[in-house]
Amino acid sequence: MADDAYIGSPDNPKTAGIVCYLTFIGWLIAYFALYGDPKTAFSAYHLRQTLLLHIITAIINIIIRFGLPADLLSFVLSTIAGIILFMLWLIGVVHAANGRMQPIPFIGRPAQKIFARI
């Protein structure tokens, strides 16, 4: 592993840490293409957090789209959920870009326990 490799290089652990936050497809790319040998603790840390963040986002989207009637309440709830998820996502991206292994609020610590094998 080359910690001094430029960001964007597959050899830099920050690359996988940042790419996994983009979308679920980005997570798959980061896991299968960028999280190679040797596996780094930094990349694994952010992969675990973003996996739980993507799962929670999908569950909330399903509940809002199919579980609530299309009215003002569902609009307000989806807006609030979107803002909260965006803030959590932004915190994670900033931590990954700055090379920090800090947990995303409410999601980071549980993700480390749930997905400890990643």
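The values are calculated or read from the model by the stated rules, or taken from the named source; none is laboratory data. Keep in mind it's a predicted model, so treat the numbers as computed, not measured. Quick reminder, even Gly has a Cβ in these numbers, built from the backbone with ideal geometry, and neighbours come from all protein chains shown. To get the accessible areas, we keep the full protein, side chains included, count just its heavy atoms, and leave off ligands, DNA and RNA. Shrake-Rupley method; radii C 1.70, N 1.55, O 1.52, S 1.80 Å.
Given the options 65, 100, 48, which has the most mean-square fluctuation in a GNM of the chain, springs set between C-alpha atoms less than 10 angstrom apart?
65
If I build a Gaussian network model for the chain, linking alpha-carbon pairs within less than 10 angstrom, which residue out of 52, 90, 77 has the largest mean-square fluctuation?
Comparing 52, 90, 77 in the GNM, the peak value goes to 77.
Give the shape of the chain as rounded, prolate or oblate, defined through the alpha-carbon gyration tensor: a ≥ b ≥ c are the square roots of its eigenvalues, a/c under 1.5 means rounded, and otherwise the shape is prolate if a/b is larger than b/c and oblate if not.
Prolate.
Over the chain, what is the relative contact order in whole percent, taking alpha-carbon pairs under 8 Å and six or more residues apart?
26
Rank 94, 19, 76 by mean-square fluctuation in a GNM of the chain with C-alpha springs under 10 angstrom and give only the top-ranked residue.
The residue that fluctuates most here is 76.
Is region 45-109 rounded, prolate or oblate when judged by the Cα gyration tensor, a ≥ b ≥ c being the square roots of its eigenvalues, rounded requiring a/c under 1.5 and prolate requiring a/b larger than b/c?
Details: a/c = 3.81, a/b = 2.32, b/c = 1.64.
In terms of gyration-tensor shape, prolate.
Given Cβ point charges of +1 (Lys, Arg) and -1 (Asp, Glu) and nothing else, what value in debye, to the nearest 20, does the dipole of the chain about its Cα centre take? Before the final figure, lay out the partial values.
Details: 8 positive and 5 negative charges, 68 e Å.
Computed about the Cα centre, the dipole is about 320 debye.
On the accessible surface of the chain, probed at 1.4 Å, how many percent belong to carbon and sulfur atoms?
70
Per residue, how much accessible area does the chain show when a 1.4 Å probe rolls over the protein heavy atoms, in square angstrom?
61
Want the number for residue 68 to residue 106: 0.36 nm per residue separation, take away the alpha-carbon distance, what's left?
Values: separation 38, 0.36 × 38 = 13.68 nm, distance 2.44 nm.
Extra length from residue 68 to residue 106 when fully extended: 11.2 nm.
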